[in-house]
1. Could you report the chain's accessible area per residue, 1.4 Å probe, as an integer in Å²?
2. P(r) for segment 101-160: what percent of alpha-carbon pairs falls in each 10 Å bin, starting at zero?
3. Can you bin every Cα-Cα distance in segment 164-219 into 5 Å intervals starting at zero and give me the percent of pairs per bin, rounded to whole numbers?
4. Which whole-number value in Å³ per residue fits the convex hull of the alpha carbons of segment 58-114?
5. Near the amide H of Arg217, under 5 Å away, which other amide H atoms are found, from residues 5 or more places off or on another chain, if H is placed in the peptide plane?
6. Test of understanding: what is the full-extension gain from Ala336 to Ala65, defined as 0.36 nm times their sequence separation minus their Cα-Cα distance?
7. With only alpha-carbon atoms in the gyration tensor, what are the semi-axes of the equivalent ellipsoid for segment 199-262, in Å, largest first?
8. Can you give me the three principal axis dimensions of the chain from its C-alpha atoms, in Å, biggest first?
Amino acid sequence: MDLPQLLRTMPKAELHIHIEGSLEPELIFRLAARNGVALPYPSVEALRAAYAFSDLQSFLDIYYAGAGVLLKEADFFEMAWAYLERAAADNVVHAEIFFDPQTHTERGVPVEAVILGLHHACQRAHAELGVSAKLILCFLRHLSEEAALEVLEQALPWREYFIGVGLDSSERGHPPEKFARVFARARELGLHVVAHAGEEGPPAYIESALDVLKVERIDHGVRCVESPALVARLAASRMPLTVCPLSNLKLRVFPKLEQHNLKVLLDAGLCATVNSDDPAYFGGYLNDNFVQTFAALPALTRADAYQLAKNSFEASFASAAEKADWTARLDAVYAAT
Ligand code: HPA
Ligand code: ZN
């Protein structure tokens, strides 16, 4: 039995990936040169060396700066295509990809360029890589609810190109209930709804994401363990948590990967999944997250690997037929590895 081999080869879905967080330093430099954007770093190496974070905000500052090189539809296409090729190599069969339109519209980039560039990469991934790829529009929670309502309306001409909305950026001090109206509007439009909660914020933020925003998944959610009643609720409802172990390590949610609570979450019966969050910044794509986390937590078993992949399909917004197909492929790899 070779557990790393199983982790790498098993088909899986990725449900928590910020496409701007897949922008590698090499591509940042290439796009900066092409678009005439000045960078405050002399080289790729110097930029990469700046990726030492102390918390979520210290990461977000550099992540938003990196996204400043994205101006044209082709830039968004190239970024997403690079991610999707990399994901396919990790046996990702389905990806639900976050994007942050406000990071771009605030710089004068038309929302159309953002959505069309990403959408064309998703279409090509389906045709050429056999990867199903969907988009989720995220609101920046450090900005106002009015700004979120505005960007949602701006995006509506391309409504069929995204399947849902999410909530990301600085969590502390920006509780989910700040976005009650825009999430109600999104639900009215038939969009799926998810939100980051319980990454740096308290369990109460997970509760208000559920009760006020009526989310269908919690992104991160690892701080739920501080409330046994909340853990019981999440388990009973099979509410998915999109956990991102290397992100949690790099942003110091856990001091060491050995102290990550992924095994605790699974043993509590939660629908936990493994995801990469911002792979260009956190030192690994999806299989790196699986392999490094299983190496750091020897209590995680082969059965846990299977459960995590199965959970990723269960937690996705794909059709029942797609989920059944991917699960059958997972069963075949599990039996053979
Ligand atoms: N948390 C909040 N906002 C984000 C993240 C994250 O992990 N990554 C990109 N935007
Ligand atoms: Zn995230």
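The values are calculated or read from the model by the stated rules, or taken from the named source; none is laboratory data. Here the structure is a predicted model, which is why all the values come from computation and not from measurement. All Cβ positions, even for glycine, are placed from backbone atoms using ideal geometry, and neighbour counts span all protein chains on display. Heavy atoms of the whole protein, side chains included, go into the accessibility calculation; ligands, DNA and RNA do not. Shrake-Rupley method; radii C 1.70, N 1.55, O 1.52, S 1.80 Å.
1. Ligands and nucleic acids excluded, the result is 37 Å² per residue.
2. Taking all Cα pairs of segment 101-160, the binned fractions are 21, 48, 24, 7 percent.
3. Computed distribution, short to long bins: 5, 24, 36, 23, 9, 3.
4. 95
5. Ala195
6. That pair, Ala336 and Ala65, stretches by 93.1 nm at full extension.
7. Equivalent ellipsoid of segment 199-262: 21, 12, 10 Å, largest first.
8. 51, 40, 39
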